[in-house]
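Input: a single structure, listed below in structure tokens.
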Amino acid sequence: MGPNLSTTFTGVRFRNPFLLSSAPPTESESNILRAFDAGWGGVVTKTIGLHPVVNVVGPKTKFLRADSDSPHLSMKKRPGAALHSSWNWELISDKTLDWWVPRLGRIKAAFPDHVLVASVMAGSGNDTELRHWQELAVACQTQGCDALELNLSCPHMDRPDMGSNVGKDKELVSIVTKVVKEVAKVPVWAKLTPSTTDIVVEARGALLGGADAVVSSNTFTSLPLFDAETLDFEINVDGLVSTGGLGGPAILPLSLAKMSQLTQAFPDKSFSGIGGISTFEHALNYFLLGCGTVQVCTAAMLDHAVGPNVIRELNAGLTRFLEKHADKGWTSVADVVGLRRDRVVAQSKIRRPGEKDYRGGYEAEGYAEEPAIKN
Ligand SMILES: Cc1cc2nc3c(=O)[nH]c(=O)nc-3n(C[C@H](O)[C@H](O)[C@H](O)COP(=O)(O)O)c2cc1C
């Protein structure tokens, strides 16, 4: 018998700590059923809202690739080029709540032991909008969803009271979370935007509102690149573009920096890490910083839409890892969660080659609270 891959996160038992994040891989019943068949421990549905959305004409996502032998970076598919990032301007699910409700129930009935998380989003400008969050939450949990993820982070919503515009406002984050918690019978996760100065501020708002976990990162606000020949953006409609979101390998280190801030600020809270994961080694970064689960989007999109090879590798990687470290007494991923959280420190705490103190740029006498660093 191999090692035990299961874990418990916000009170919910997962057969493994790997989820598909809210995105195209989880936009339909058939995709989600295929994902569970393939071995994902959980899925977060494509974000469900009450407002009908209409996406732009043409592609909603493209992939930026880098050449190995030149600095060329482009969305044009070229042999030998390696994935750099995904770029998307896709809105939330274009299916209605009525469409989702029976499907959520059927998915849960077919896979009662797999974790189904409903991602939801509404406005937050007035009481009616706030009640929409409750309506969405109640409808999804009634169908058996195991948890709710609040989308406070979509980077391309025009409305000032939606998506990352909510996620940038600690009070709104807190209010929305509290409103959902009033009706929630299942854990509530808050998915925050990385596009703020100090994500700890908004996370505190979510936790004060009662969030059971904080999730990060959604995609990073970004533009596609211009094509130097045509002087048009590589993805555009009628020559125009709006800001969209960057995901995939390029955001792994960026997202880790956000996660490190979060887990250090709230070492006793639960975190789900997202951003740039396609192998177990990537996921391990998030576990070591303090995440109890991780989520994947871009890598799965490029692997038969729901990532059957990605999840196989993630499970195999965790198995290998636990077998290799069995002598340390590690029996599940929970044993390494947060193990390296405290390895991220201020610059002035990093050892210098000689005894000359670097004092973070401060004069020695103005730097009294910290003792001089000894080699
Ligand atoms: C095409 C596309 C659509 C997405 N739609 C949603 C969404 O509806 N709700 C949400 O919370 N995140 C959405 N995301 C963000 C992903 O869930 C994820 O947070 C992000 O892509 C970073 O993960 P990755 O580096 O594995 O791609 C979307 C991402 C992409 C690429």
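For the range 212-285, which semi-axes, largest first and in whole Å, follow from the square roots of 5 times the eigenvalues of its Cα gyration tensor? Intermediate values should be presented prior to the final figure.
Details: eigenvalues 211, 35, 16 Å².
Working from the Cα gyration tensor, I get semi-axes of 32, 13, 9 Å.
Accessible surface calculations at 1.4 Å, restricted to protein heavy atoms, place the chain at 45 Å² per residue. Given +1 at the Cβ of Lys and Arg, -1 at the Cβ of Asp and Glu and no other charges, the dipole of the range 148-233 around its Cα centre is 560 debye to the nearest 20.
As a ratio to 2.2 N^0.38 Å, the alpha-carbon radius of gyration computed for the range 116-224 takes the value 0.97.
Across the chain, Cα pairs under 8 Å and at least six residues apart give a relative contact order of 17 percent.
If Lys and Arg each add +1 and Asp and Glu each add -1, what is the summed charge of the other residues whose beta carbon sits under 11 Å from the beta carbon of Pro267? Here the charged neighbours net out to 0. Give the shape of the range 197-327 as rounded, prolate or oblate, defined through the alpha-carbon gyration tensor: a ≥ b ≥ c are the square roots of its eigenvalues, a/c under 1.5 means rounded, and otherwise the shape is prolate if a/b is larger than b/c and oblate if not. In terms of gyration-tensor shape, oblate. Along the positive direction of the dipole of the chain (beta-carbon charges: Lys, Arg +1; Asp, Glu -1; about the Cα centre), which of Pro112, Val183, Leu91 reaches farthest? The one lying farthest along the dipole's positive direction is Pro112. Per-residue SASA remark: Arg340, around 100 Å² accessible (1.4 Å probe; ligands, DNA and RNA not included). Take Glu135: with every protein chain present and a 1.4 Å probe, its accessible area is about 90 Å². The portion of the accessible surface of the chain made up by carbon and sulfur, rounded to a whole percent, is 54 (1.4 Å probe; DNA, RNA and ligands excluded).
Net charge dipole, the chain: roughly 860 debye, given to the nearest 20, about the Cα centre with Cβ charges of +1 for Lys and Arg and -1 for Asp and Glu. Sequence-distant contacts, meaning Cα pairs under 8 Å at least 6 residues apart, place the relative contact order of the range 129-284 at 20 percent.
With only Lys, Arg, Asp and Glu charged, each at its Cβ (+1 for the first two, -1 for the last two), find how big the charge dipole of the range 1-93 is about the Cα centre; round to the nearest 20 debye.
In total the dipole reaches around 100 debye.
As a ratio to 2.2 N^0.38 Å, the alpha-carbon radius of gyration for the chain is 1.02. Students often forget the sequence filter, so: which aspartates and glutamates lie under 14 Å Cα-Cα from Lys108 once same-chain residues fewer than 8 apart are removed? By straight Cα distance, Lys108 reaches Glu29, Asp37, Asp146.
The values are calculated or read from the model by the stated rules, or taken from the named source; none is laboratory data. Fair warning: this is a prediction, and the values are worked out from it, not measured in the lab. Here the Cβ is made from the backbone with ideal geometry for all residues, glycine too, and neighbour counts use every protein chain on show. Heads up: the accessible areas ignore ligands, DNA and RNA and are worked out on the full protein's heavy atoms, side chains in. Shrake-Rupley method; radii C 1.70, N 1.55, O 1.52, S 1.80 Å.
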